[in-house]
Amino acid sequence: MTDLEAQSSSAPSPKWRKRAQAVLAILVVMSAFFGWRLSHIGFDYDFENFFPVDDPATAYYLQFRETFATDNDFLIVGIERAAGVADREFLQTVDSLAGAFETLPYITNVLSPTRFEEPVSMGGSVFRKPLLRFGPDDTNERTAADVQRLQDHPRYGGLLVSADGTDLAILLSHEQMLSKTGCDTLSLAIQEMTANHGFDGLHIAGRAVAQTYYVGVMQREVVLFVSIALVLISLFLWLAFRSWWGIAVPLTVVLLSGLWLLGLMEVTGKSIDVMTIVLPTIIFVVGMSDVVHILSRYYEELRAGTGQIRALKTAFREVGLATFLTSLTTAIGFLSLLTSSIVPIQDFGLYAAAGVGVAYVLAFTLLPAVLLLSPPPAIDKTGSGIFWNRRLDRAYGWVLPRWRLISIATLAVLAVSVFGTSRMEVDNLLLEDLAEDDPFRLEFAYFEEAFAGVRPFEMALEVAPGLDPLSPAVLRVCDEVEEHLRSTYGAGGVTGAATVLRTVNRWQNGNQMSFDRLPPDDEALTRLVSLIDRFDARGQWRAFVNPDAQMHRISGKVPDIGAQALGERNAAFHDWFARNHSDSGVTPVITGTATLVDLNNASLASDMVTGLAIAFAVIAIISGLLFRSGRMVIISFIPNMLPLLMIAGIMGLAGIDLKVSTSIIFTIAFGIAVDDTIHFMSKLRLELAAGKSVEEAVAKTFRSTGKAIILTSIMLCGGFITLGLSSFLGTFYIGVLISLTLLFAVLADLYLLPHLILRWYRN
């Protein structure tokens, strides 16, 4: 009887075929439903999702925002003129553009240096004086003098005009909490309006354009990652199975896994964001691992002459438990991210775990249905299977006598990894997720260099109950705080109640710069507060002081120098305040969107440790149940801890900070890398149960599972490395560092784990 005849001698019965057809029909209907839902999925980049959940700082900022206003509902338009902005024709063009901005949808206010007029009191009457005079009757000298005064202006210098006088800025305020649709509409309108600007340079920054830009990049990258991952996985499958059948069946399973997951996200109201953008690729490669292990064992049985039904049963019996355990550990690894205080990370962990479950279900429903309804593939006994067996025999023969060399190499790698890990830091920049040459990050850098920056700074000054927030004593504290922020802290565009009063005092005294200060006399300061309405400054005043809430607000911009550096500045400020105003009845609180994101990063290390501890505990339980041996628990930990230490060491030595995007790498990598160990241990358990000695069982396990471990690791690395093409550095690091972790893990499983078992485990 030929091999093909032997394989066909146990062809599925009509009953089994009917069951397979029923399962396939159900899966087709469900796939059609999820495919329809997928067509409605949205993309989102909501900055506020990164606020810490159930944190007092978040609750405080939300209340602060209700009391005053949001701190990031603005756009900045920077306009360059290399020869200097003191040119009447240039300023007239800028003024026309500012007027056009006022017609844009959702815009509530336009602050342009060409349109702003200050009220000035002279001779008992109040008249309005423009900041810049550039009309037909004005001379170039007058325009140049006005530009110089604007550069030296205590409030607008560095905010509306650059220090070198070559750039102007127009500040646009838009409706608060603008939706994604509103942001898209506004961003498109302003880009169309400025497309043919004719200036030496024009730059735009702000939440609305940032969200539109991020979402556009995410949409392109989802298609890119999925396409490249499919090509690479197809190539690996061809090298592994050398048949179209071995490519089409696994690809169908993983494609439907991704389809179901994205459809499930849409059904549950979840959009694709900067974290979940990598989910389709992750599910493709993780789901492929289950399929390859099943098919590899199925092919082995067919190669041995086993009939189709028996080969299928053997493959599912021997690989089923290990595949269930690997899916369980991977899902638990993802679910451990629920310990994070950051909603996007929680969502990522939840939906990634759901995707692993979907891939497992399809591997054990769709795959057997397809195998039962398809004729068994023709197996060449002299092909790649024999090739792999010979190579694995040689590899094991090389590994077995080199315990001392492997031990020394392991200890050396461990020492370097621990040293590198000690250098790893927790830090974050607002736009660090973008590459340095990214167009949007270059726009951000422009405003950092030419103006006060884009990163918002917000401070609340809480006034003790019973103390009048408008009393001279409190106002003078506000004034000193604002001045300290400008001169020492390094904030730009600082504005608060004291700034408004300084300005009113200057307007009251003929706009003379020597009066840009608070009156030294308390009675005069009290009278100055009463002049707010006379100079039409009530709107500005209300934006920075709320007597009913016993609170002042100070806002500005700070350079995006990182959470650590800003944390040091914050600590220095609080020390200064405690030394000078501890008994003032005023309490400063630094808040705002950027501060909350920094606060999240401060808890990343503890969140990561908690997540890994949960994952470790689950692996310990699984190893203990498999072997009922505490020693085997320790043995299984070592080859999985070592790759994580190596990655931490690489991050420390390469200066890669621990932040939102990189903190999830360790949990993901551990949950996936431990799969190879479980497959090895599960097969070893079967061999030991069959009565083999430890030496024989390890040798048999190495040869039997080695091919699947190597192939799945190559596919996983190939799939993750595609993320290295991302424009987001966080996604780039996820792809590259997880690929390295998986590479280190397979080396540890094939080189270190056998020696650990032979040395320390006894049946």
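The values are calculated or read from the model by the stated rules, or taken from the named source; none is laboratory data. For clarity, every value in this text was computed on a predicted model and none was experimentally measured. FYI the Cβ positions are ideal-geometry reconstructions off the backbone, even for glycines, and counts take in every protein chain you see. Quick note on the areas: whole protein, heavy atoms, side chains included, nothing else; ligands and nucleic acids left out. Shrake-Rupley method; radii C 1.70, N 1.55, O 1.52, S 1.80 Å.
Here is how the numbers come out for the structure above:
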| item | result |
| --- | --- |
| Strands (runs of 3 or more DSSP E) contained entirely in the stretch 54-149, each with at least 2 residues that are touching a residue at least 12 places away in the same chain (Cβ under 8 Å), surrounded by fewer than 18 Cβ atoms within 10 Å (Cβ to Cβ) and not acidic (D, E) | 107-111, 117-122, 125-130 |
| Residue check for R155: assigned to a strand (DSSP E or B), over 30 Å from the mean Cα position of the chain (by Cα) and charged (D, E, K, R) | no |
| Subset of the stretch 261-275 [assigned to a loop (DSSP other than H, G, I, E, B) and touching a residue at least 40 places away in the same chain (Cβ under 8 Å)] | K270, S271, D273, V274, M275 |
| Candidate set: the stretch 701-718, residues that are among the β-branched types (V, I, T) and closer than 23 Å to F225 by Cβ; chosen: the one modelled with the lowest pLDDT | T712 |
| When residues of the stretch 10-53 are limited to those that are modelled with pLDDT under 75, surrounded by 14 or more Cβ atoms within 10 Å (Cβ to Cβ) and among the hydroxyl-bearing types (S, T, Y), the one farthest from V209 (Cα to Cα) | S10 |
| Extreme residue, nearest to F440 (Cα to Cα), among residues of the stretch 717-742 that are assigned to a helix (DSSP H, G or I) and polar (S, T, N, Q) | T731 |
| Candidates F225, F236, filtered to the one that is open to solvent by less than 30 Å² (accessible area, probe 1.4 Å) and over 22 Å from E449 (Cβ atoms) | F225 |
| Test: residue in the stretch 668-675 that is part of a helix (DSSP H, G or I) and farther than 27 Å from Y396 by Cβ | yes |
| Scope the stretch 580-604; condition part of a helix (DSSP H, G or I) and either over 16 Å from A460 (Cβ atoms) or at pLDDT below 85 (or both); matching residues | N580, T593, A594, T595, L596, V597, D598, L599, N600, N601, A602, L604 |
| The listed residue being in contact with a Phe, Trp or Tyr (Cβ under 9 Å, 6 or more places away or on another chain), outside any helix (DSSP H, G or I) and open to solvent by 10 Å² or more (accessible area, probe 1.4 Å), out of I710, I656, I714 | I656 |
| The lone exception for F444 - which of (1) open to solvent by 50 Å² or more (accessible area, probe 1.4 Å); (2) closer than 30 Å to L202 by Cα; (3) aromatic (F, W, Y) it fails | (1) |
| Filter result (hydroxyl-bearing (S, T, Y) and either more than 22 Å from G567 (Cβ to Cβ) or open to solvent by less than 10 Å² (accessible area, probe 1.4 Å) (or both)) within the stretch 480-511 | T495, T499, T503 |
| The stretch 188-220 - residue that is touching a Ser or Thr at 6+ places or on another chain (Cβ under 6 Å) and modelled with pLDDT under 80 and, of those, nearest to G84 (Cα to Cα) | T212 |
| Residues within the stretch 669-692 that are over 20 Å from V291 (Cβ atoms) and out of contact with any Lys or Arg (no Cβ under 6 Å at 6 or more places or on another chain), tallied | 11 |
| Which listed residue, of L350, L337, is among the hydrophobic types (A, V, I, L, M, F, W, C), without any contact (Cβ under 8 Å) to a residue 40 or more places away in the chain and either assigned to a helix (DSSP H, G or I) or farther than 16 Å from A669 by Cα (or both) | L350 |
| Check on L178, closer than 14 Å to T108 by Cβ, touching a residue at least 60 places away in the same chain (Cβ under 8 Å), of a type in the set (A, V, I, L, M, F, W, C) and touching an Asp or Glu at 6+ places or on another chain (Cβ under 9 Å) | yes |
| The listed residue being open to solvent by 10 Å² or more (accessible area, probe 1.4 Å) and either on the phi < 0 side of the Ramachandran plot or in a helix (DSSP H, G or I) (or both), out of L279, L230 | L230 |
| Extreme residue, modelled with the highest pLDDT, among residues of the stretch 54-77 that are within 25 Å of F444 (Cβ to Cβ) and among the polar types (S, T, N, Q) | T58 |
| Considering residues of the stretch 290-307 that are farther than 19 Å from R703 by Cβ and surrounded by 24 or more Cβ atoms within 10 Å (Cβ to Cβ) only, the residue farthest from the chain's Cα centre (by Cα) | V291 |
